[in-house]
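Asker: Sharing a structure below in structure tokens format, with a few things to ask.
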Amino acid sequence: MTDVTVSAEAVEEAQPAGLKPDALDEQLISRLVDRAKADGIRLTGEGGLLQQLTKRILESALEGEITDHLGHEKHEKTAGGNTRNGTRSKTVLTDVGPVEIDVPRDRVGPFEPQIVRKRQRRLTGVDEMVLSLSARGLTHGEISAHLKEVYGAEVSKTTISTITDKVIDGMHEWQSRPLDSGRFPLIVANQS
């Protein structure tokens, strides 16, 4: 795959006269969906268009992060110092199901990605979904079965328990915090 950088001016020049950015976005989305249908690619599910887009967006963001961290573009000559050192494969659970991404590495090792952090296996939307389903009264087994059925993602009951326990611990900590007496006014009701 070749990296391509396009300036904002080039996009404006390529844009047909009179079209607003939203119209261009609609055309782009329509072309993507039409091409996926023509190629027999499903929109959702394993290997679907949404998973492929999620993979490319995450990988592009991670490439941007390492470029910013290192201070130079990919394949650019540098005078020593830290450089790129390939990628490692990682599967993350997203709202559109499990997505395998290639996370860039640096030679020296201090690179800490922010989009998908080291040792992170779930993006935040999954945690929110588990908490929402738990709040609706589903058991951990039912939540696990739901995620497998809808997203094709196998999430163990233990992982679901860990997610809900984190929230419960945070809630207990917040409830047991000391109250600042200066923040709460005293209201006295006079019964006459």
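Asker: Which pairs in the list Lys55/Lys118; Lys55/Lys90; Lys118/Lys148 are over 22 Å apart, alpha-carbon to alpha-carbon? Write down the numbers at each step before the final one.
Answerer: Values: Lys55/Lys118 17 Å; Lys55/Lys90 11 Å; Lys118/Lys148 24 Å.
The pairs that break the limit, which is 22 Å between Cα atoms, are Lys118/Lys148.
Asker: How about region 76-110: which trypsin sites (Lys or Arg not before Pro) there lie in a loop by DSSP and see at most 14 other Cβ atoms within 10 Å? Each step should come with its number before you reach the end.
Answerer: Numbers: sites: Lys77, Arg84, Arg88, Lys90, Arg105, Arg107; in loops: Lys77, Arg107.
Hits after loop and neighbour filter: Lys77, Arg107.
Asker: Given H placed 1.01 Å from N in the peptide plane, which residues other than close sequence neighbours of Asp106 have an amide H under 5 Å from its amide H?
Answerer: Asn85, Phe111
Asker: Still on this model: Using the Cα gyration tensor of region 50-128, with a ≥ b ≥ c the square roots of its eigenvalues, what is the shape: rounded (a/c below 1.5), prolate (a/b larger than b/c) or oblate (neither)?
Answerer: Details: a/c = 2.69, a/b = 2.13, b/c = 1.26.
It comes out prolate by the Cα gyration axes.
Asker: Suppose each label sits 7 Å from its Cα in the direction of the beta carbon; what would the Ser132-Ala145 distance come out to in nanometres?
Answerer: Each label point lies 7 Å from its Cα, and together they span 2.1 nm.
Asker: Need one number: nm distance between label points at Thr83 and Glu173, each 7 Å from Cα along Cα→Cβ, rounded to one decimal.
Answerer: Output for this residue pair reads 4.3 nm.
Asker: Peptides 49-56, 33-40, 97-104: what's the order by average Cβ count within 10 Å, highest mean first? The partial results should precede the final answer.
Answerer: On the way: 49-56: 17.1, 33-40: 10.6, 97-104: 19.0.
The packing order, highest mean first, is 97-104, 49-56, 33-40.
Asker: How much accessible surface area, in Å² rounded to 10, belongs to the heavy atoms of His69 with a 1.4 Å probe?
Answerer: Approximately 80 Å² of His69 is accessible to the 1.4 Å probe.
Asker: When the convex hull of the Cα atoms of region 64-174 is projected onto a plane and the area is averaged over all directions, what value comes out in nm²? Please list the in-between numbers first.
Answerer: Details: hull surface 35.4 nm².
Approximately 8.9 nm², given one-decimal rounding.
Asker: Another question, if that's okay. State the extension gain, in nm to one decimal, for the chain segment bounded by His72 and Leu32, taking 0.36 nm per residue of separation less the distance between their alpha-carbons. Spell out each step's value before the answer.
Answerer: Numbers: separation 40, 0.36 × 40 = 14.40 nm, distance 3.16 nm.
Between His72 and Leu32, full extension yields an extra 11.2 nm.
The values are calculated or read from the model by the stated rules, or taken from the named source; none is laboratory data. Because the structure is a prediction, the values reported are computed rather than measured. Every residue, glycine as well, gets a Cβ built from its backbone with ideal geometry; the counts of neighbours run over all protein chains shown. SASA here: full protein model, heavy atoms, side chains in, ligands and nucleic acids out. Shrake-Rupley method; radii C 1.70, N 1.55, O 1.52, S 1.80 Å.
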